[in-house]
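Can you read through this structure? Questions will come right after.
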There are 2 protein chains.
Amino acid sequence: MNELIRELFLKNLGNPILDRLTDAAELELDSRNAVFTTDSFVVKPLFFPKADIGKLAVAGTVNDLLMLGGIPKYLSLSLIIQENFPIAWLERIIKSIAKACGKALVRVVTGDTKVVDRNSCDGIFINTSGIGIKLPATELGFRRIKEGDAIIINGNIASHGVSIISARENLKFNIASDCESLESLIIPLLKEFKRDIHFLRDPTRGGLATTLNEIVQAIKYSIIIDEKSIPVSKEVIYACELLGFDPLYMANEGKVVIVADETVSKDVIKYLRRNKLGKNAGQIGKIAKGFGKKVIAKTPIGSLRIIDMHEGDPVPRIC
Amino acid sequence: MNELIRELFLKNLGNPILDRLTDAAELELDSRNAVFTTDSFVVKPLFFPKADIGKLAVAGTVNDLLMLGGIPKYLSLSLIIQENFPIAWLERIIKSIAKACGKALVRVVTGDTKVVDRNSCDGIFINTSGIGIKLPATELGFRRIKEGDAIIINGNIASHGVSIISARENLKFNIASDCESLESLIIPLLKEFKRDIHFLRDPTRGGLATTLNEIVQAIKYSIIIDEKSIPVSKEVIYACELLGFDPLYMANEGKVVIVADETVSKDVIKYLRRNKLGKNAGQIGKIAKGFGKKVIAKTPIGSLRIIDMHEGDPVPRIC
């Protein structure tokens, strides 16, 4: 099994660094300013509309690097596989990883595999860790967020969470996950708007509501959002109504919350909309004063409501 | 559960980079020449004589960085935990990770946790990935190995594998694992002997025999070892005889195979023996010609035998 996995790795993911097959990879980085992240993926089911655990494992880690202004460069790939896992599935997952790496311009440079007996692991778990090189002209962080800043999102929310639950429960919504590496959207954006982009975060587990709450917890302002300006597809709204979920709390895997200087807000949205990954981009709110560390939503009927932090994601194992 | 884990992480592993709690860590590296590695740990049982999965997860990754001449700097830590996992065990494991990091002078700078239902994961799986900075004056690699080079090991083999099997099966050998980060042994050694150290590898899964076979597969020489010169404790020999295992194939987690220029062999051994982690160090063989890509052992009675590569480790889930 280990031999077979090694062959699959090399055939699909091979590159001069990985091919050396040492226990660690030697890298020559473009700069000493790096970003580093890790994520384990336990999503269930492994395959879902428009994506799978392999694509997700690349997108999740690549996007985490991007959120700190890192150009994604190198990935590690570690698999925990149950012993009777179908080889055809494994091959499909590895090919999906290879394709996603090619698109995001990252390379798998080091890996590891553990095989466990069939009662010890639920199919396959994947860990990817990533190294990126910081874009020099940017500075992102909570400390850069200020009153009046625009809060922008690059497109329709909640489709990943709904896609997973629908695939898991065999519901017939057929909603595609938004799972995607955002490298081709974020890097040009940061190069174009430089220090006018103040903060980035991907609203994954717990959805947009959780990300906005994490932001207000870390700054001294409030966030006011306009509910009707939040892009979400009719299909997702319909599915959420039937299932009893709030789209604001559903996971995304190809979305980014951008906090930008209000003076560039319109230009940022115009710029995002030119890219396929940002075609439904829009401003959803702003950084404000007067409500403490709270996320406040203007509802479609004009009243205000507090958007709370939930305990965890409403759907388990969405990533 | 996630909140609790976050608190445990910060309380025990906190440092200025981790405390920022961003999805990735920002690093300023000492150099652009880095090494990068990943390992998932699924060892069973989680606790065994003198170590546990936490200490192992640090030692395994730290040692992989050292083997390429990297000074270990940063670790990522990703946990997959089953939902009813005892908090007291988790705390014990995190404290063990913290202690091991302190000893090896590495910091956990980014992390992730996934909780899965009780039938989906066997207690806890841990992934650590690591970044190290290359020691400038060294050059390690298969390409540097040449005829006549000495093959040295830093101490008694096979104790990790025997310790795990003994703890798992409730046997009463009470053999301690050799699980240890080798930072305090390897870094001074490389600084002292620089380019006279040609190659390093830690003989983990599959033991010393597997590591020696991996070496001959990658070079154009043979390896001749002298079986009686291989350090191994009487207790381990006794246990292996009873269990029907060959110590040459049993895993180690605190050992290193050093290929050094023959002119410095004696000095290297003297140097190693001054360190607690190298007190049983000795030369076990040399790089030679004449037997092809084979590992040949001189037996205690003077005959020669081929030391083959096994398929995988004789004991599953030893790391």
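The values are calculated or read from the model by the stated rules, or taken from the named source; none is laboratory data. In this text the structure is predicted, and so the values were computed from the model without any measurement. When we count neighbours, we look across all protein chains shown, and the Cβ atoms used for this are built from the backbone with ideal geometry, even at glycine. These accessible areas exclude ligands, DNA and RNA; they are computed on the full protein's heavy atoms, side chains included. Shrake-Rupley method; radii C 1.70, N 1.55, O 1.52, S 1.80 Å.
So, in the stretch B:1-18, how many residues would count as being away from chain A (no Cβ under 12 Å) and surrounded by fewer than 16 Cβ atoms within 10 Å (Cβ to Cβ)?
Qualifying residue count for the region: 6.
Scan the stretch B:230-254 residue by residue and report those that are farther than 16 Å from B:Thr211 by Cβ and either of a type in the set (S, T, N, Q) or in contact with a strand residue (DSSP E or B) (Cβ under 7 Å, 6 or more places away or on another chain) (or both).
B:Ser233
I'm checking my understanding of the structure. Among residues of the stretch A:20-63 that are within 12 Å of chain B (Cβ to nearest Cβ) and among the charged types (D, E, K, R), which one is least open to solvent (accessible area, probe 1.4 Å)?
Among those residues, the one meeting the criterion is A:Asp39.
Which is in contact with a strand residue (DSSP E or B) (Cβ under 9 Å, 6 or more places away or on another chain) and assigned by TED's automatic domain parsing to the domain that holds B:Gly254, of B:Arg205, B:Arg195, B:Arg201?
So the residue among B:Arg205, B:Arg195, B:Arg201 that is in contact with a strand residue (DSSP E or B) (Cβ under 9 Å, 6 or more places away or on another chain) and assigned by TED's automatic domain parsing to the domain that holds B:Gly254 is B:Arg201.
Looking for whichever is touching a strand residue (DSSP E or B) at 6+ places or on another chain (Cβ under 9 Å) and on the phi > 0 side of the Ramachandran plot here; the options are B:Gly54, B:Gly60, B:Gly69. Which one fits?
Just a single option satisfies the conditions, and that option is B:Gly69.
Within the stretch B:47-68, is even one residue closer than 21 Å to A:Asn33 by Cα, outside the structural domain of B:His198 (by TED's automatic domain parsing) and at pLDDT 95 or above?
Scanning the stretch B:47-68, I find at least one residue that is closer than 21 Å to A:Asn33 by Cα, outside the structural domain of B:His198 (by TED's automatic domain parsing) and at pLDDT 95 or above, so the answer is yes.
Here is a further query. Only one residue in B:Arg201, B:Arg205 is touching a residue at least 60 places away in the same chain (Cβ under 8 Å) and touching a Ser or Thr at 6+ places or on another chain (Cβ under 8 Å). Which one?
Just one listed residue meets the conditions, B:Arg201.
Kindly state which strands (runs of 3 or more DSSP E) lie completely within the stretch A:64-140 and contain at least 1 residues that are open to solvent by less than 10 Å² (accessible area, probe 1.4 Å) and free of Cβ contacts under 8 Å to residues at least 60 places away in the same chain.
Once the strands (runs of 3 or more DSSP E) in the stretch A:64-140 are filtered for at least 1 residues that are open to solvent by less than 10 Å² (accessible area, probe 1.4 Å) and free of Cβ contacts under 8 Å to residues at least 60 places away in the same chain, what remains is A:70-82, A:107-116.
Restricting attention to the stretch B:7-21, does a residue exist that is at positive phi and without any contact (Cβ under 8 Å) to a residue 60 or more places away in the chain?
Within the stretch B:7-21 (the criterion being at positive phi and without any contact (Cβ under 8 Å) to a residue 60 or more places away in the chain), the answer is yes, since at least one residue qualifies.
Please give the helices (runs of 4 or more DSSP H) falling wholly within the stretch B:204-319 in which 3 or more residues are open to solvent by 70 Å² or more (accessible area, probe 1.4 Å).
Because the criterion is at least 3 residues that are open to solvent by 70 Å² or more (accessible area, probe 1.4 Å), the helices (runs of 4 or more DSSP H) in the stretch B:204-319 that meet it are B:234-243, B:265-273.
Still on this structure, please answer the following. Given the criterion part of a loop (DSSP other than H, G, I, E, B) and either touching a strand residue (DSSP E or B) at 6+ places or on another chain (Cβ under 8 Å) or buried (at least 20 other Cβ atoms within 10 Å of the Cβ) (or both), identify the matching residue among B:Ser181, B:Ser163.
Going through B:Ser181, B:Ser163 in turn, just one is part of a loop (DSSP other than H, G, I, E, B) and either touching a strand residue (DSSP E or B) at 6+ places or on another chain (Cβ under 8 Å) or buried (at least 20 other Cβ atoms within 10 Å of the Cβ) (or both): B:Ser181.
Just to verify a result, which residue in the stretch A:166-178, among those that are assigned to a loop (DSSP other than H, G, I, E, B) and over 10 Å from A:Ala51 (Cβ atoms), is least open to solvent (accessible area, probe 1.4 Å)?
Filtering the stretch A:166-178 for residues that are assigned to a loop (DSSP other than H, G, I, E, B) and over 10 Å from A:Ala51 (Cβ atoms), the one least open to solvent (accessible area, probe 1.4 Å) comes out as A:Ile175.
Residue by residue, here is whether (1) over 30 Å from B:Leu46 (Cα atoms); (2) out of contact with any Lys or Arg (no Cβ under 9 Å at 6 or more places or on another chain); (3) not assigned by TED's automatic domain parsing to the domain that holds B:Ala158 holds:
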position	(1), (2), (3)
B:Asp261	yes, no, no
B:Asp267	yes, yes, no
B:Arg273	yes, no, no
B:Asn280	no, no, no
B:Ile287	yes, no, no
B:Gly290	yes, yes, no
B:Lys294	yes, yes, no
B:Thr299	yes, no, no
B:Pro316	no, no, yes
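Right, next: With respect to A:Phe193, determine if the residue is crowded, with 21+ Cβ neighbours inside 10 Å, among the aromatic types (Phe, Trp, Tyr) and under 30 Å from A:Gly102 (Cβ atoms).
So A:Phe193 does not fit the description; no.
Can B:Ile157 be described as over 30 Å from A:Phe125 (Cβ atoms) and away from chain A (no Cβ under 14 Å)?
Here the answer is yes, as B:Ile157 does meet what is asked.
Has the stretch B:148-157 got at least one residue that is at pLDDT below 95 and open to solvent by less than 40 Å² (accessible area, probe 1.4 Å)?
no
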